[in-house]
There are 2 protein chains.
Amino acid sequence: MTATPKAMPQSSAADIDKVREKARRLGILSMMATTAAGSGHPTSCLSAAELVAATFFHAMKFDPRNPNGSESDRFVLSKGHAAPVLYAALAEEGVFPASRLMTLRQFSSELEGHPTPRIPGVDAATGSLGQGLSVGAGLAIGARLDKLGTRVFVLLGDGELAEGNVWEAAEFAGHYGLDNLIALADINALGQSDRTMYQHDIEIYRKKFEAQGWDTQVIDGHDVAAVIAALDRAMAAKGRPQAIVARTIKGHGVSFLADKDGWHGKPLSKEQLAKAVAEMGGPIELPADPGRSYARADLPEPPDFPEPPAPSYKADAQVATREAYGNALKRMGAVNPHIVALDGDVKNSTFAEKFGDAFPERFFQAYIAEQNMIAAGVGLAARGKVPFLSSFACFLSRAYDQVRMASISRSPIKLCGSHCGVSIGEDGPSQMALEDIAAFRAVHGSVILYPSDAYSAERLTEQAARLPGITYIRTSRPKTHSLYSADEKFPVPGFHVLRQSDKDSALVIGAGITVHEALKAYEQLKSENISVRVIDLYCVKPIEGSRLAEDLRACNNFLITVEDHYPEGGLGEAVISALAEIEAAPARFNKLAVNGLPHSGKADELLDAFGISSRHIAEAVRGS
Amino acid sequence: MTATPKAMPQSSAADIDKVREKARRLGILSMMATTAAGSGHPTSCLSAAELVAATFFHAMKFDPRNPNGSESDRFVLSKGHAAPVLYAALAEEGVFPASRLMTLRQFSSELEGHPTPRIPGVDAATGSLGQGLSVGAGLAIGARLDKLGTRVFVLLGDGELAEGNVWEAAEFAGHYGLDNLIALADINALGQSDRTMYQHDIEIYRKKFEAQGWDTQVIDGHDVAAVIAALDRAMAAKGRPQAIVARTIKGHGVSFLADKDGWHGKPLSKEQLAKAVAEMGGPIELPADPGRSYARADLPEPPDFPEPPAPSYKADAQVATREAYGNALKRMGAVNPHIVALDGDVKNSTFAEKFGDAFPERFFQAYIAEQNMIAAGVGLAARGKVPFLSSFACFLSRAYDQVRMASISRSPIKLCGSHCGVSIGEDGPSQMALEDIAAFRAVHGSVILYPSDAYSAERLTEQAARLPGITYIRTSRPKTHSLYSADEKFPVPGFHVLRQSDKDSALVIGAGITVHEALKAYEQLKSENISVRVIDLYCVKPIEGSRLAEDLRACNNFLITVEDHYPEGGLGEAVISALAEIEAAPARFNKLAVNGLPHSGKADELLDAFGISSRHIAEAVRGS
């Protein structure tokens, strides 16, 4: 079976009857699955049944053998709690056997409470509301880059339309004129714990979408002919993203569920199910088993690419790691056509502009809307792109939930956060990332890279493009001199010992700007005839504990860590934890980290005032 | 001097002249201060000078001796990088000597690169864009609760209007009809790195605000008479929040700055400054020194309150900690009128509804918009309220940047995250908080409380209402039996030893649901004649390392930590880190934490499958 468009001809009465019966089946299957599971959200499925049925069985170009293929239209269920209605549609399409629906939410089932990419046809995990339209926008941009004419359909709930992320996505899609993106808003007026803010005052949603530059149709979401006609119009339109705002009833079609409070997230009893099915026209037969394996193919991993030309800097050049990041993106851009970059209106600070200037068709200004930037990156990655997403490191915290969801999607997005720590200086604490290592370390499957000079920044950025999973690159504002050459390798995990002797009295581990402080301390101590070993921990996660333990033993088991980050969850704890995992521990330990709420000042003043300058390192060593 | 309204009479030509001269002075002072500092954003000040001048010197009820007092109108500079224009206005009002302006951004100055509450007249730190309107909404709700008729003015930039948080705030303010909230949008069409998305297509912003239920006026932001008239109309309006959307020019008034690219965040040279001042009508004299101390009064701390009646549960009752949280809020609500609660449309899951049902005038449905909920909480706290802000723990990650900014504000907000960890069961990983301890530990000044039963949840929630700073309460979904009685105390920091003997072979530390797993393991091991010590670490930050070290020594220095959280930055690392700080370390260590990307299933299945059940604890002990 190949992917064929089902939409373009005028819809016939037969089409409408087919979709209506599909909607009935999706509703009944959703109720059956949640009753079998003993939990779930059947009423949230019933409000969307016609919207989903018309999208899958009238509008979408869909290959059940390869629903995530580059030539398939895509469907994103932003209101992830309506998972059963999506799963029912996938089963009806023949993606997997309908019998799987009755395993919903079980430990052994890939059909989880909320969708994840373990399921064919799902591109991104949803369930944290308000992210799906951004994922869809990323998929739509990816489709546009691929020039294959495919579309992206996103189903949103009205509860989640309160999330700012939705409107970041809407303005982004409007700005880029993503006419291959179609949003269906299921306005059922009932949230989890209350009626929604606007209930059925549906014109408000029209105004909101139109204000963002969308063409918007308002329809009755249970009128199948109207839904089909709206989809046809949306697919024929050009130049603007398309919103279909549908007035619906939560629990539609079942008298004791329809528009009733207290039914959110509750399955029907067996008796209630029988009554509901009878009200909806009686039992259905399960669709035929497609009779083939349906396991999800490999999740997206970055495609391989040839070695770009080596980086090169003058020996005495002072270069910020953030600038080297931009240089690396530009070098790679020439040899890896899959790389795309987005930046949150700080491209002249993160240096993403170097890539943007060289490859404008693969650079997207994401403006000051970090949530959308990250979730759109997940959509791009799901289409095989390698998205590099940059902002000040502190502002990536704005999208922490989106990063969390990306990890559940096992999405290979690349994050670059510049301006970390107090070393940014005068701008003050609102612009300083001091929690980012802790936050991103805790993200499942993440890799954290923290370069200390231009060469390590270049090489680690190259590494990021090859690594699966979420990779976070932490860059610094100040210009620093080179510690390495173009020949140096930076394996992940790994670290480099920069100074050592056979009489080292302490092991000093830094990363980024604190490596330079550690080297200053080394020189000072050397003049006092004290030897210390200095390590550049350029990969903060994962860490090779056993190799570190050897160095620690060679340094009297005296450990000093120094980081431009708060004390919790950062480099110091990562080191101690890696050692503890192998039941190693320092006999003495000094964790130097930003020891108070910082404020404005010069970078050097702040490094010293908040306890992480060369002076503090030297004092910690001498205190031994 | 007492606070007096300046607005209500018709504005005269003299008013207009006064404000125009103030605007000129604010612009010049902003340029002077940034030139003295050698960094900063003078052009972002010039676009807003008339808006700020008219707000301070025409509209606001303002007592320079007590600008954060309950009877003062408030001003929130959401576009925090325009700090100098705010500082200039405060100096002109006589809050502090104008000579301080020339210390801008210096290490020793309270006048930082972006505003913080170290400065009188500032209620919340800004500088991470798009949060100020939420802070303003919180202040406006607080003012309404106080029934003092005060107003809140918020100045927004157009770059930040791309942030979803702004529109969460706008819909919240529209929903609650906050007619004491006036937003001034400074549409200067230039972001940091590019023209803004909509540039001067100013009607788009009108549509956006109007779609959220705001009255909206569009004006020329440099026409002082128009700004004054718009403020007068906004202050006279009733029932809806008021937006004044102002077309402005970045760098207005100076030929070589006005609407020029490449001037964002750049100060003028001394020569450029002289030329600019000449173009703006010539030099000014600094305002007179008010000649009194102006240090910021104490930052808001929770007010004291009498002991509420003790909690009480039946001996055999199974109660979830999340439900006990709701019970505690309700108990306290009766004796502490300052407590308010907001919830993100999950009040029936977090049990915030118990408070809402009892005190509806102090409960605010925040819908599914966590960013606004947290930042509005900061505004409420700045008016002396004690805001408890709840959602699923995983969804609080949506507002991580807002929490980060709250810590810079040293705001005493109380967060409650329910449904932590894999123990939620069938809903799957999108609904499981597994990174939250790491993220919130890294927040400066935070306290992390993690109850294991109903009594500890009740008492720790009470503690939270008394603690300064950000306090995070992590509650669980499953019902559990009581471990404590109503008499038990829960000092912060602290932990309780639940099982011990003089021959304990290992120290098992859990919190929340894993305490119950540890106790199950204890019983199993006891039947095998193996004794272990079991600790309930109900306070995860801060931790008393020295007391823990004593218990560790008494348990053969064999440590097992077990947490419903990913391995990084959570309970295990917190314990190891607290021990390392005092140079203690276990001889043997087993860190049990969620050891993979979880999926749907029953709570017990998941606890076991992901390595944190009683079976794993017992095996870890036996492995010794």
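Examine the range B:512-524 for a residue that is in contact with a Pro (Cβ under 8 Å, 6 or more places away or on another chain), under 19 Å from B:Q431 (Cα atoms) and crowded, with 24+ Cβ neighbours inside 10 Å, and state whether such a residue exists.
Let us first name the residues in the range B:512-524 that are in contact with a Pro (Cβ under 8 Å, 6 or more places away or on another chain), namely B:512-513.
Next, from what is left, pick out any that are under 19 Å from B:Q431 (Cα atoms): B:512-513.
Now restrict to residues that are crowded, with 24+ Cβ neighbours inside 10 Å: B:512-513.
For the range B:512-524, residues in contact with a Pro (Cβ under 8 Å, 6 or more places away or on another chain), under 19 Å from B:Q431 (Cα atoms) and crowded, with 24+ Cβ neighbours inside 10 Å: present.
Listed residues B:D179, B:D146, B:D123; which is under 23 Å from B:A366 (Cβ atoms), within 16 Å of the chain's Cα centre (by Cα) and of a type outside the set (G, A, S)?
Numbers: B:D179 fails: within 16 Å of the chain's Cα centre (by Cα); B:D146 fails: within 16 Å of the chain's Cα centre (by Cα).
Just one listed residue meets the conditions, B:D123.
Being without any contact (Cβ under 8 Å) to a residue 40 or more places away in the chain and either under 19 Å from A:I513 (Cα atoms) or within 14 Å of chain B (Cβ to nearest Cβ) (or both) narrows it down to one of A:R398, A:R410, A:R404, A:R441, so name that one. Let's see the steps before the verdict.
Numbers: A:R410 fails: without any contact (Cβ under 8 Å) to a residue 40 or more places away in the chain; A:R404 fails: without any contact (Cβ under 8 Å) to a residue 40 or more places away in the chain; A:R441 fails: without any contact (Cβ under 8 Å) to a residue 40 or more places away in the chain.
After applying the criteria, what remains is A:R398.
Condition first: farther than 14 Å from B:A37 by Cβ, assigned to a loop (DSSP other than H, G, I, E, B) and of a type outside the set (A, V, I, L, M, F, W, C). Now tell me which residues in the range B:90-118 satisfy that.
The answer is B:E93, B:G94, B:P97, B:P115, B:T116, B:P117, B:R118.
Return yes when B:K260 is assigned to a loop (DSSP other than H, G, I, E, B), buried (at least 20 other Cβ atoms within 10 Å of the Cβ) and charged (D, E, K, R) and no when it is not. Let's see the steps before the verdict.
Details: assigned to a loop (DSSP other than H, G, I, E, B): yes; buried (at least 20 other Cβ atoms within 10 Å of the Cβ): no; charged (D, E, K, R): yes.
For B:K260, the condition - assigned to a loop (DSSP other than H, G, I, E, B), buried (at least 20 other Cβ atoms within 10 Å of the Cβ) and charged (D, E, K, R) - is not met.
Evaluate the range A:349-370: report whether one residue or more is of a type outside the set (D, E, K, R), buried (at least 24 other Cβ atoms within 10 Å of the Cβ), out of contact with any Cys (no Cβ under 6 Å at 6 or more places or on another chain) and away from every other protein chain (no Cβ under 12 Å).
yes
What about B:A140, is it in a helix (DSSP H, G or I), more than 29 Å from B:F96 (Cα to Cα), modelled with pLDDT of 95 or more and aliphatic (A, V, I, L, M)?
On the way: in a helix (DSSP H, G or I): yes; more than 29 Å from B:F96 (Cα to Cα): no; modelled with pLDDT of 95 or more: yes; aliphatic (A, V, I, L, M): yes.
No: the conditions fail for B:A140.
Can B:K266 be described as buried (at least 21 other Cβ atoms within 10 Å of the Cβ), out of contact with any Cys (no Cβ under 7 Å at 6 or more places or on another chain) and assigned to a loop (DSSP other than H, G, I, E, B)? Even if it seems obvious, please write down each step before you answer.
Numbers: buried (at least 21 other Cβ atoms within 10 Å of the Cβ): no; out of contact with any Cys (no Cβ under 7 Å at 6 or more places or on another chain): yes; assigned to a loop (DSSP other than H, G, I, E, B): yes.
So B:K266 does not fit the description; no.
Mind checking which strands (runs of 3 or more DSSP E) fall wholly inside the range A:295-385 and carry at least 3 residues that are in contact with a helix residue (DSSP H, G or I) (Cβ under 6 Å, 6 or more places away or on another chain)? Spell out how you get there, then give the answer.
Values: elements: A:318-320, A:339-343, A:363-365.
The qualifying strands (runs of 3 or more DSSP E) are A:339-343.
Condition check ((1) closer than 24 Å to B:G40 by Cβ; (2) in contact with a helix residue (DSSP H, G or I) (Cβ under 8 Å, 6 or more places away or on another chain); (3) of a type in the set (A, V, I, L, M)) across all residues:
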residue	(1), (2), (3)
B:G159	yes, no, no
B:E163	yes, yes, no
B:L178	no, yes, yes
B:D186	yes, yes, no
B:D215	no, yes, no
B:D220	no, yes, no
B:S255	yes, yes, no
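How many residues, within the range B:43-81, are within 14 Å of chain A (Cβ to nearest Cβ) and within 19 Å of B:Q272 (Cα to Cα)?
The qualifying residues number 1.
When only residues in the range B:188-217 that are away from every other protein chain (no Cβ under 14 Å) and of a type outside the set (D, E, K, R) count, which is surrounded by the most Cβ atoms within 10 Å (Cβ to Cβ)?
Start the filter on the range B:188-217 by keeping residues that are away from every other protein chain (no Cβ under 14 Å), which leaves B:200, B:215, B:217.
From what's left, of a type outside the set (D, E, K, R): B:200, B:217.
On the way: B:H200: 16, B:Q217: 20.
Step by step, filter the range B:188-217, then rank; the result is B:Q217.
So, in the range A:538-564, how many residues would count as being closer than 17 Å to A:F589 by Cα, surrounded by 23 or more Cβ atoms within 10 Å (Cβ to Cβ) and touching a residue at least 60 places away in the same chain (Cβ under 8 Å)?
The number of residues fulfilling the criteria is 2.
Would you confirm whether or not the range B:88-95 contains a residue that is more than 12 Å from chain A (Cβ to nearest Cβ), without any contact (Cβ under 8 Å) to a residue 60 or more places away in the chain and farther than 22 Å from B:G384 by Cβ? Quick ask: steps written out before the conclusion?
Step one: filter the range B:88-95 for residues more than 12 Å from chain A (Cβ to nearest Cβ), giving B:88-95.
From what's left, without any contact (Cβ under 8 Å) to a residue 60 or more places away in the chain: B:90, B:93.
Keeping just the survivors that are farther than 22 Å from B:G384 by Cβ gives B:93.
Yes; the residues of the range B:88-95 include at least one that is more than 12 Å from chain A (Cβ to nearest Cβ), without any contact (Cβ under 8 Å) to a residue 60 or more places away in the chain and farther than 22 Å from B:G384 by Cβ.
For the range A:567-583, give me each residue that is surrounded by fewer than 19 Cβ atoms within 10 Å (Cβ to Cβ) and either at the interface with chain B (Cβ under 7 Å from one of its Cβ atoms) or assigned to a helix (DSSP H, G or I) (or both).
First, pick out the residues of the range A:567-583 that are surrounded by fewer than 19 Cβ atoms within 10 Å (Cβ to Cβ): A:581-583.
Residues satisfying the conditions are A:E581, A:E583.
Residue by residue, here is whether (1) more than 7 Å from every other protein chain (Cβ to nearest Cβ); (2) part of a loop (DSSP other than H, G, I, E, B) holds:
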{"site": "A:A585", "(1), (2)": "no, yes"}
{"site": "A:G596", "(1), (2)": "yes, yes"}
{"site": "A:S600", "(1), (2)": "no, yes"}
{"site": "A:L606", "(1), (2)": "yes, no"}
{"site": "A:G611", "(1), (2)": "yes, yes"}
{"site": "A:A618", "(1), (2)": "yes, no"}
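Name, by its number, the condition in (1) in contact with a strand residue (DSSP E or B) (Cβ under 9 Å, 6 or more places away or on another chain); (2) within 23 Å of B:H419 (Cα to Cα); (3) surrounded by fewer than 24 Cβ atoms within 10 Å (Cβ to Cβ) that does not hold for B:A603.
Among (1) in contact with a strand residue (DSSP E or B) (Cβ under 9 Å, 6 or more places away or on another chain); (2) within 23 Å of B:H419 (Cα to Cα); (3) surrounded by fewer than 24 Cβ atoms within 10 Å (Cβ to Cβ), the lone unmet condition for B:A603 is (1).
Against the condition touching a helix residue (DSSP H, G or I) at 6+ places or on another chain (Cβ under 9 Å), in a helix (DSSP H, G or I) and crowded, with 17+ Cβ neighbours inside 10 Å, how does B:V245 come out, does it pass? Spell out how you get there, then give the answer.
Numbers: touching a helix residue (DSSP H, G or I) at 6+ places or on another chain (Cβ under 9 Å): yes; in a helix (DSSP H, G or I): no; crowded, with 17+ Cβ neighbours inside 10 Å: yes.
The answer is no for B:V245.
Would you point out which residue out of B:E458, B:E426, B:E435 is out of contact with any Cys (no Cβ under 6 Å at 6 or more places or on another chain), of a type in the set (D, E), within 30 Å of B:A125 (Cβ to Cβ) and in contact (Cβ under 8 Å) with a residue 12 or more places away in the chain? Please lay out each step first, then the result.
Values: B:E458 fails: within 30 Å of B:A125 (Cβ to Cβ); B:E426 fails: within 30 Å of B:A125 (Cβ to Cβ).
From the options B:E458, B:E426, B:E435, the qualifying one is B:E435.
Any idea how many residues of the range B:143-162 are assigned to a helix (DSSP H, G or I), more than 8 Å from chain A (Cβ to nearest Cβ) and buried (at least 24 other Cβ atoms within 10 Å of the Cβ)?
Going residue by residue through the range B:143-162, those that are assigned to a helix (DSSP H, G or I) are B:143-146, B:159-162.
After this cut, where a residue has to be more than 8 Å from chain A (Cβ to nearest Cβ) as well, the list is B:143-146, B:161.
Now restrict to residues that are buried (at least 24 other Cβ atoms within 10 Å of the Cβ): B:143, B:161.
Count: 2.
Does any residue of the range B:163-184 turn out to be of a type outside the set (S, T, Y), within 20 Å of B:A23 (Cβ to Cβ), in a loop (DSSP other than H, G, I, E, B) and more than 10 Å from chain A (Cβ to nearest Cβ)? Spell out the reasoning first.
If we filter the range B:163-184 for residues that are of a type outside the set (S, T, Y), which is where we start, we get B:163-175, B:177-184.
Now narrow it down to the ones that are within 20 Å of B:A23 (Cβ to Cβ): B:182-184.
With in a loop (DSSP other than H, G, I, E, B) added as a condition, the list becomes none.
Within the range B:163-184, none of the residues are of a type outside the set (S, T, Y), within 20 Å of B:A23 (Cβ to Cβ), in a loop (DSSP other than H, G, I, E, B) and more than 10 Å from chain A (Cβ to nearest Cβ).
Considering only the range B:123-172, state which residues are hydrophobic (A, V, I, L, M, F, W, C) and either touching a His at 6+ places or on another chain (Cβ under 8 Å) or under 13 Å from B:K79 (Cα atoms) (or both). Give the derivation first.
Restricting attention to the range B:123-172, the residues satisfying the condition of being hydrophobic (A, V, I, L, M, F, W, C) are B:124-125, B:129, B:133, B:135, B:137, B:139-141, B:143, B:145, B:148, B:152-156, B:161-162, B:166-167, B:169-170, B:172.
Residues satisfying the conditions are B:A124, B:A125, B:L129, B:L133, B:V135, B:F153, B:V154, B:L155, B:L156, B:L161, B:A162, B:V166.
Tell me which residues, restricted to the range B:461-486, are free of Cβ contacts under 8 Å to residues at least 40 places away in the same chain and more than 30 Å from A:G596 (Cβ to Cβ).
Here is the first cut: in the range B:461-486, the residues free of Cβ contacts under 8 Å to residues at least 40 places away in the same chain are B:463, B:484-485.
Across the range B:461-486, the qualifying residues are B:Y484, B:S485.
The values are calculated or read from the model by the stated rules, or taken from the named source; none is laboratory data. Because the structure is a prediction, the values reported are computed rather than measured. Backbone-built Cβ (ideal geometry, glycine too); neighbour counts: all protein chains shown.
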